[in-house]
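J.: Handing you a structure now.
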Amino acid sequence: MCLVDDKGAVVRSYGGACGSDLTTMNDPVGLAVDKHGNILVADSNNNRLLVLDPTLTSAREMSVLVDGGLEEPYSLWYDKSRGRLYVSEQDGNRLIIIDHLKDFTATQVY
């Protein structure tokens with residue numbers, strides 16, 4: 001994940017080598033941004049959603065409490081006007097819809 005300036009130069013990056021701790025990701029594939037500039041990343045091979053702050057200096061996991069947990073979250077779509085997050089899974093063959101989400105500050109969503 002890279003933050004670039006208006007000329008395309010990398011200002012800051014996050015993630016580096018593949019891994020499973022909060023400073024690394026394994027197959028980040030989907031992105032969504034909330035009104036505060038927080039970036040939600042579908043970290044597919046780690047079966048999780050990561051929330052990165054707008055400056056890419058810190059991350060935390062957003063727990064999605066669904067039957068069996070997330071299975072390779074793949075793509076994200078955030079409908080800000082409805083407060084609805086859509087999470088599709090690559091191999092789980094599910095579309096998870098999370099209602100009443102104002103931004104990505106929640107640590108657990110249902």
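J.: Can you tell me how many residues in region 5-35 are in a loop (DSSP other than H, G, I, E, B) and in contact with a strand residue (DSSP E or B) (Cβ under 8 Å, 6 or more places away or on another chain)?
T.: 10
J.: So is residue 66 at pLDDT 95 or above and either in contact with a helix residue (DSSP H, G or I) (Cβ under 6 Å, 6 or more places away or on another chain) or not charged (D, E, K, R) (or both) or not?
T.: No, not satisfied.
J.: Checking residue 47 against (1) more than 23 Å from residue 79 (Cβ to Cβ); (2) surrounded by fewer than 15 Cβ atoms within 10 Å (Cβ to Cβ); (3) of a type outside the set (Phe, Trp, Tyr), which test does it fail?
T.: It fails just one condition, (2).
J.: Sticking with this structure for a sec: What pairs come out if I take residues in region 40-69 that are touching a residue at least 40 places away in the same chain (Cβ under 8 Å) and in a strand (DSSP E or B) and pair them with residues that are loosely packed, with under 12 Cβ neighbours inside 10 Å and basic (Lys, Arg) whose C-beta lies under 9 Å away, six or more apart or interchain?
T.: none
J.: Which residues, taken from region 27-58, are on the phi < 0 side of the Ramachandran plot and more than 10 Å from the chain's Cα centre (by Cα)?
T.: 34, 35, 36, 45, 46, 53, 54, 55, 57, 58
J.: Report yes if residue 81 is modelled with pLDDT under 95, surrounded by fewer than 16 Cβ atoms within 10 Å (Cβ to Cβ) and in a strand (DSSP E or B), otherwise no.
T.: Criteria not met by residue 81.
The values are calculated or read from the model by the stated rules, or taken from the named source; none is laboratory data. Bear in mind the structure is a predicted one, so any value in this text is a computation, not a measurement. Reconstructed Cβ throughout: ideal geometry from the backbone, glycine too, with neighbour counts over all protein chains shown.
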